[in-house]
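Heads up, the thing below is written out as structure tokens.
The values are calculated or read from the model by the stated rules, or taken from the named source; none is laboratory data. Remember, it's a predicted structure, so these values are computed and weren't measured experimentally. With ideal geometry, Cβ positions are generated from the backbone for all residues, glycine too; neighbour counts draw on all protein chains shown. In case anyone asks, the SASA skips ligands and DNA or RNA and just uses the protein heavy atoms, side chains included. Shrake-Rupley method; radii C 1.70, N 1.55, O 1.52, S 1.80 Å.
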Number of protein chains: 2
Amino acid sequence: MQIGTAAEASGVSAKMIRHYEAIGLISSGARRINGYRDYDSRDVHELRFIRSARDLGFSLDEIRTLLDLWRNKDRNSRDVHQLAARHLADIERKIVELQAMAATLRELLHACHGDARPDCPILAGLSGKTSMAGH
Amino acid sequence: MQIGTAAEASGVSAKMIRHYEAIGLISSGARRINGYRDYDSRDVHELRFIRSARDLGFSLDEIRTLLDLWRNKDRNSRDVHQLAARHLADIERKIVELQAMAATLRELLHACHGDARPDCPILAGLSGKTSMAGH
DNA sequence: TCAGCACCTTCCTACAATGGGAAGGTCAAG
DNA sequence: CTTGACCTTCCCATTGTAGGAAGGTGCTGA
């Protein structure tokens, strides 16, 4: 099948499929006589794997490792577990960060009347006249 | 004061101060005879404002608007409130997304024994053999 | 048979925010 | 007069994705 069909079937855009090939995430597979890339269901399967991993927030570099492990039948499930656990920890850290931001914003929003008057605790907070959560 | 001092005082790196000037976020202020940028406490105050807003996750584009509102004494606190509320909603949406990812990851991690054996529900999940949370 | 359209190819550009580094100018202390 | 710590500009890299230009391919309908 052509790249467009593989894109549709996998949920990865044709643009991205070419990109993944360019950075060596997927192999430079077969070409037809006209130079068009040719894909089969295994390729689509792999693309879907990548797509799922992206949806879970794995970076392309992490996915590179995951793909290696996926292809390697002698792998250790410990390696996968470790990678995923580290990634989960990253996400949890990010959530905590965002929650801190959200809490501060909610506080500021609560204090700001939000009408036609110019005085605004949000701006005051940003300008450092109020307690602010650090980075 | 020189850029390095302003950087230290504001928590914004010299590199970023130059960048903010280049993109017009802050004005191209005075230069000394030798071509060095010169800053005063008002500049530092503005940089700290930017820094705080960045810490709260505002984009430089949003900060551009916030700075305009901050400088404009005839502003409407409603505008600030609206901008901040929208930003808070963005953050909350992002938190929900990350929490969904984390939940799926935790499920997969829970199912994966993570030892020397090769079979791994995490890889199976990514390859689509298990229920996965969509994007 | 040719026109048109949908597809494909490569290559370059952009985004957002930040950092790294090179090549060179400036200034104060020793 | 050298050394070192600043400063200047300019270019490049990052991460993941998209847009677009310029050109080739191939099917379909008139």
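Quick notes on this one:
- Residues of region B:1-59 satisfying the condition of being more than 17 Å from A:S127 (Cβ to Cβ), over 18 Å from the mean Cα position of the chain (by Cα) and among the β-branched types (V, I, T): B:I3, B:T5, B:I33
- Pairs with Cβ under 9 Å, 6+ apart, first in region B:54-67 and closer than 18 Å to B:E21 by Cβ, second open to solvent by 40 Å² or more (accessible area, probe 1.4 Å) and not in a helix (DSSP H, G or I): B:R54/A:H135; B:L60/B:I23; B:R64/B:I23; B:R64/B:G24
- Leading residue by the ranking (nearest to A:Q99 (Cα to Cα)) among those in region B:92-106 that are buried (at least 18 other Cβ atoms within 10 Å of the Cβ) and in contact (Cβ under 8 Å) with a residue 12 or more places away in the chain: B:M101
- Under the condition of being surrounded by 14 or more Cβ atoms within 10 Å (Cβ to Cβ) and in contact (Cβ under 8 Å) with a residue 24 or more places away in the chain, the residues counted in region A:12-31 number 5.
- In region A:38-66, residue least open to solvent (accessible area, probe 1.4 Å) [restricted to those that are assigned to a helix (DSSP H, G or I) and of a type in the set (S, T, Y)]: A:S52
- Residue count for region B:67-86, restricted to those that are facing chain A (nearest Cβ under 7 Å), open to solvent by less than 50 Å² (accessible area, probe 1.4 Å) and either within 14 Å of DNA strand C (Cβ to nearest atom) or assigned to a helix (DSSP H, G or I) (or both): 6.
- Among the residues of region B:13-39, those identified as more than 28 Å from A:L108 (Cα to Cα) and more than 14 Å from DNA strand C (Cβ to nearest atom) are B:S28, B:G29, B:A30, B:Y39.
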